Amino acid sequence: MDLGTAGRLTPQRSHRGRRRRAVVGIVLAALALLSARAQAGAQQYEPLSAAVQAQMQRSVADDAPVRSAFASPDDEARWFDAMLPRLARRVPDDAERRDLLRAVHYEATRAGLDPQMVLGLIEVESAFRKYAVSGAGARGYMQVMPFWVALIGTPDHNLFHLRTSLRYGCTILRHYLDRERGDVYRALARYNGSLLKPQGYPEAVLRAWQTRWLPDVPPLEPARRVTRTADRSAGRAGAPRTADTPRPRGSRDPVDTGAVPARPAVFMGEPGPVAPSPARRARDASRAAPR
């Protein structure tokens, strides 16, 4: 073989090389798309007690017309004014967007859930796609597994139907919250089928809830805030601190970052009494001691 032509590609070999690179590019793009998709999971089948099953059956069977669950018309108007623009990119049709928000608020409130948290869950689960289907077979806005229809519903229940998907999803999440005694982190992990698995699903839902769906947080803006504290070692104003910034030694001022904690203290009922700190107990004891 002539060394001068050994490194040259024939047209056929060049075509195969381009085709191979194109295939690799498509695969990489698909992987990137999958990594950016909603984190839809799968609830795990678990036997229910007769009482719990009957309660959940009553909940999903109640298909009463949606009615306002707001305290006043002004509250309703303010909530819709805050939520409608945030959903416009995902649900462009105004009437469909209003129907979705009205149904979310009604079904979440009826189940004793925060409607904004449910919006965060829908964002992570289905990205607000009505006909979304996960690899495990979960369906609809709230990605409900079909076995729930046989367990607590009837054969005519369609999990792609707006009200049906929301009613099932809110009922199931309420069940998991009750089972986990109000621990939202573990309840969300159960909902996604990722309990005890390091997948970051609860953090994703809580982050979406707190950064995009709270009424007082601007849409699509992070809720992370920073504060400046005294840099005692340098004797000047320190740089903005976040949740990852170590606190200067001896500093007692709280850092309000707005970041989602690893195990958020969120309760769906009345929280119990908070135990006093050791310093507070020692101070109270010294005050109570006879002088």
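The values are calculated or read from the model by the stated rules, or taken from the named source; none is laboratory data. Predicted, not measured: the structure shown is a model, and the values here were computed from it. Note that each Cβ is placed from the backbone with ideal geometry, even for glycine, and that neighbours are counted across all protein chains shown. Ligands, DNA and RNA are excluded from the accessible area calculation, which covers all protein heavy atoms including side chains. Shrake-Rupley method; radii C 1.70, N 1.55, O 1.52, S 1.80 Å.
The numbered conditions (1) farther than 22 Å from Gly193 by Cα; (2) surrounded by fewer than 19 Cβ atoms within 10 Å (Cβ to Cβ); (3) not basic (Lys, Arg) are all true for Leu101 except (2). Only one of the numbered conditions (1) within 18 Å of the chain's Cα centre (by Cα); (2) open to solvent by 20 Å² or more (accessible area, probe 1.4 Å); (3) modelled with pLDDT of 90 or more; (4) not aromatic (Phe, Trp, Tyr) is violated by Pro261, and that is (3). Being part of a loop (DSSP other than H, G, I, E, B) and without any contact (Cβ under 8 Å) to a residue 60 or more places away in the chain is the filter; apply it to region 100-134 and report the residue that is nearest to Leu188 (Cα to Cα). By that ranking, first place goes to Phe128.
Of the numbered criteria (1) under 17 Å from Gln55 (Cα atoms); (2) out of contact with any Pro (no Cβ under 6 Å at 6 or more places or on another chain); (3) buried (at least 18 other Cβ atoms within 10 Å of the Cβ), the one Gly112 fails is (3).
Here is a check on your reading of the model: is Asp156 among the acidic types (Asp, Glu), open to solvent by 30 Å² or more (accessible area, probe 1.4 Å) and not in a helix (DSSP H, G or I)?
Values: among the acidic types (Asp, Glu): yes; open to solvent by 30 Å² or more (accessible area, probe 1.4 Å): yes; not in a helix (DSSP H, G or I): yes.
The answer is yes for Asp156.
Is it fair to say Leu196 is among the aliphatic types (A, V, I, L, M) and open to solvent by 10 Å² or more (accessible area, probe 1.4 Å)? If you could, list the steps in order and put the result at the bottom.
Working: among the aliphatic types (A, V, I, L, M): yes; open to solvent by 10 Å² or more (accessible area, probe 1.4 Å): yes.
The answer is yes for Leu196.
A quick yes/no check of all residues on (1) buried (at least 17 other Cβ atoms within 10 Å of the Cβ); (2) closer than 29 Å to Gly137 by Cβ:
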residue: Ser49; (1), (2): no, yes
residue: Met56; (1), (2): yes, yes
residue: Asp75; (1), (2): no, no
residue: Ala82; (1), (2): yes, no
residue: Pro85; (1), (2): no, no
residue: Asp93; (1), (2): no, yes
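Scanning region 160-179 for residues that are without any contact (Cβ under 8 Å) to a residue 40 or more places away in the chain and either within 17 Å of the chain's Cα centre (by Cα) or crowded, with 24+ Cβ neighbours inside 10 Å (or both) turns up Ser165, Tyr176. Of the numbered criteria (1) closer than 20 Å to Trp209 by Cα; (2) surrounded by 12 or more Cβ atoms within 10 Å (Cβ to Cβ), the one Arg89 fails is (2).
Look through region 60-74, keep the residues that are part of a loop (DSSP other than H, G, I, E, B), closer than 26 Å to Asp156 by Cα and of a type in the set (A, V, I, L, M, F, W, C), and return whichever of them is modelled with the lowest pLDDT. Across region 60-74, the extreme among qualifying residues is Ala64.
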